[in-house]
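The values are calculated or read from the model by the stated rules, or taken from the named source; none is laboratory data. Just so we're clear, the structure is a prediction, and the values are computed from it rather than from any experiment. Positions of Cβ are generated from backbone atoms using ideal geometry, with glycine treated the same way; all protein chains shown enter the neighbour counts.
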Amino acid sequence: KDIKTIGELYKNGTLHAVEQPKYKFRDLYLNQISLLQGDITKLEIDAIVNAAKKSLLGGGGVDGAIHRAAGPELLEECRTLNGCETGDAKITKGYNLPSRHVIHTVGPVYSSSDVSRKADELASCYRKSMQLAADNNLKHIAFPSISTGVYGYPIVDATHIALGEVRKFLDCNSEIKYDRVIFIVFSDKDKSVYEDLIPQYFPSL
Ligand code: ADP
């Protein structure tokens, strides 16, 4: 019963999505957290996060989709940024995307031999992206599931890190007023992982 269509959110004026019927969302934590399933490039919000490569010059997966939808001007701006370290984040405009900005963060390539460093790097992606959004006074931010595609991070472990780090950031920075932090997933499997774990980190009040 707490699942609404994004059209209702749209009417509230808090979030805008281009292809509304595709999306479902669920408010879970003080109306601050949403889970969406769909294409991040369709979100008309302040900032979407890109799971980028260190070069920031585009790649496959969500990175490729964002560059395709944003157009060549995004690549031009990215060329001026001199790449990005793993765990760090840089911001650009959104160009032809409905989103006004793109926060490019570089997730770790997973390897089971160095798990704690990988976990720190992945947590850093979420923390730095949240901080960059705050520094730019952006009120909505949408995260894809960083590193869990080609970079091979196990989805359950990555989701614990994503949710834990965002919760920690919100708790430690209560003066920053985000309107909404969105987690957006593609697959049904990823959606069910987020649905299982979100209540641990963002219990409904
Ligand atoms: P990484 O290289 O960091 O692993 P990928 O792009 O390969 O990044 O995958 C990260 C996640 O983004 C995966 O769960 C993938 O299914 C998802 N994804 C791919 N394209 C999109 C998109 N257009 N919108 C939202 N999520 C996407």
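Residue by residue through the stretch 65-87, note down the ones that are on the phi > 0 side of the Ramachandran plot and surrounded by fewer than 15 Cβ atoms within 10 Å (Cβ to Cβ).
Scanning the stretch 65-87 gives Gly71, Asn82.
From the residues in the stretch 94-115 that are more than 15 Å from the ligand (Cβ to nearest atom) and closer than 19 Å to Ile182 by Cα, which one is surrounded by the fewest Cβ atoms within 10 Å (Cβ to Cβ)?
Among residues in the stretch 94-115 that are more than 15 Å from the ligand (Cβ to nearest atom) and closer than 19 Å to Ile182 by Cα, the one surrounded by the fewest Cβ atoms within 10 Å (Cβ to Cβ) is Arg100.
Within the stretch 171-194, track down each residue that is over 15 Å from the mean Cα position of the chain (by Cα) and assigned to a helix (DSSP H, G or I).
Asp171, Cys172, Asp188, Lys189, Ser192, Val193 - these are the residues of the stretch 171-194 that are over 15 Å from the mean Cα position of the chain (by Cα) and assigned to a helix (DSSP H, G or I).
Give just the number: which of (1) under 15 Å from Asn50 (Cβ atoms); (2) modelled with pLDDT of 95 or more does Asp120 not satisfy?
(1)
Please name all residue pairs, on different chains or six or more residues apart, with Cβ atoms under 6 Å, provided the first residue is in the stretch 162-179 and is within 17 Å of Leu138 (Cα to Cα) and the second residue is hydrophobic (A, V, I, L, M, F, W, C) and surrounded by 15 or more Cβ atoms within 10 Å (Cβ to Cβ).
Val166/Val181; Phe169/Met130; Ile176/Ala134
Take the residues in the stretch 48-64 that are more than 9 Å from the ligand (Cβ to nearest atom) and crowded, with 23+ Cβ neighbours inside 10 Å, then tell me which one is farthest from Ile91 (Cα to Cα).
Going through the qualifying residues, I end up with Leu56.
Considering the stretch 181-197 alone, what residues qualify as being under 16 Å from Gly164 (Cβ atoms) and either within 11 Å of the ligand (Cβ to nearest atom) or free of Cβ contacts under 8 Å to residues at least 24 places away in the same chain (or both)?
Phe183, Val193, Tyr194, Asp196
Identify, by number, the condition in (1) part of a helix (DSSP H, G or I); (2) within 16 Å of the ligand (Cβ to nearest atom); (3) at pLDDT below 85 that Lys11 doesn't meet.
The one condition Lys11 does not meet is (2).
Any residue in the stretch 147-158 that's among the polar types (S, T, N, Q): show its pairings with residues that are within 9 Å of the ligand (Cβ to nearest atom) and in a loop (DSSP other than H, G, I, E, B) at Cβ separation under 9 Å, as long as the two are six or more apart or on different chains.
Filtered contacts from the stretch 147-158: Ser147/Gly107; Ser147/Pro108; Ser147/Val109; Ser147/Tyr110; Ser147/Tyr153; Thr148/Gly107; Thr148/Tyr110.
Quick check on the stretch 168-180: of everything there that is surrounded by fewer than 18 Cβ atoms within 10 Å (Cβ to Cβ) and at pLDDT below 90, which residue is nearest to the ligand (Cβ to nearest atom)?
It comes out as Asp179.
Identify, by number, the condition in (1) within 11 Å of the ligand (Cβ to nearest atom); (2) under 20 Å from Asp39 (Cβ atoms) that Thr86 doesn't meet.
Only one criterion in (1) within 11 Å of the ligand (Cβ to nearest atom); (2) under 20 Å from Asp39 (Cβ atoms) is unmet by Thr86, namely (2).
Would you confirm, using the coordinates I've provided, whether Pro203 is part of a helix (DSSP H, G or I) and on the phi < 0 side of the Ramachandran plot?
no
What single numbered condition from (1) buried (at least 20 other Cβ atoms within 10 Å of the Cβ); (2) more than 20 Å from Met130 (Cβ to Cβ); (3) among the hydroxyl-bearing types (Ser, Thr, Tyr) fails to hold for Tyr194?
Status for Tyr194: all satisfied but (2).
Which ones in the stretch 124-149 are among the β-branched types (Val, Ile, Thr) and farther than 16 Å from Lys189 by Cα?
Correct list: Ile141 only.
Can you pull out the residues in the stretch 58-81 that are aliphatic (A, V, I, L, M) and touching a residue at least 24 places away in the same chain (Cβ under 8 Å)?
Val62, Ala65, Ile66, Ala69, Ala70, Leu74, Leu81
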